[in-house]
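S.K.: To start, I am sharing the structure in question, which I have written as structure tokens.
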Amino acid sequence: MASVTCSISKGVVEDVKRCRLNDPNADMLVYIAKIDEKTNTVVKDEQFDSISFEELVEELPDNMPRYVVLSYRQRHPDGRVSFPLVFIYYLPTTARPKSRMLYASTQQAFSKETQLSNPYMLVDKEQLDQEWIERHLNKFS
């Protein structure tokens, strides 16, 4: 079993649960969590009730990992609409080794506490767009 170096704040767990109740009029709701390295706790970084992929890419730091949870409006070929909750483990290659290790050692606990499975790793934020999300979501459909 992996060693867990950081705790997940109760507020983060509750916030992620609320992401499941997405506004049906929004295309994408985003919740970003970070590790407070002073307290070794996963805390809320930012939340957006409606944001585009381009804006999300701008919001993600260049050199710091993040846990990104998004409720995404997925339109299926048969006309159905669903709102999968997507967990993106953002780990840029330019991040400091200590930060990379903290996020890596806490990712499984974050996934378990928030009940998010199948994290998608993202190392280059410029790759994050609708096509990237759809490609990853379609692996499980």
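S.K.: For the stretch 43-88, what are the residues that are open to solvent by less than 40 Å² (accessible area, probe 1.4 Å), modelled with pLDDT of 90 or more and either among the basic types (Lys, Arg) or part of a helix (DSSP H, G or I) (or both)?
M.R.: The answer is PHE53, LEU56, VAL57, ARG66.
S.K.: Go through the residues of the stretch 3-20 one by one and say whether even a single one is part of a loop (DSSP other than H, G, I, E, B) and either without any contact (Cβ under 8 Å) to a residue 24 or more places away in the chain or in contact with a Pro (Cβ under 8 Å, 6 or more places away or on another chain) (or both).
M.R.: no
S.K.: Right, next: Quick one: in the stretch 92-141, of everything that is open to solvent by less than 30 Å² (accessible area, probe 1.4 Å) and in contact with a Leu (Cβ under 7 Å, 6 or more places away or on another chain), which residue is farthest from VAL43 (Cα to Cα)?
M.R.: Only one residue tops the list, namely LEU128.
The values are calculated or read from the model by the stated rules, or taken from the named source; none is laboratory data. For clarity, every value in this text was computed on a predicted model and none was experimentally measured. When we count neighbours, we look across all protein chains shown, and the Cβ atoms used for this are built from the backbone with ideal geometry, even at glycine. Each accessible area value is taken on the protein alone, full model and side chains, heavy atoms only, with ligands, DNA and RNA left out. Shrake-Rupley method; radii C 1.70, N 1.55, O 1.52, S 1.80 Å.
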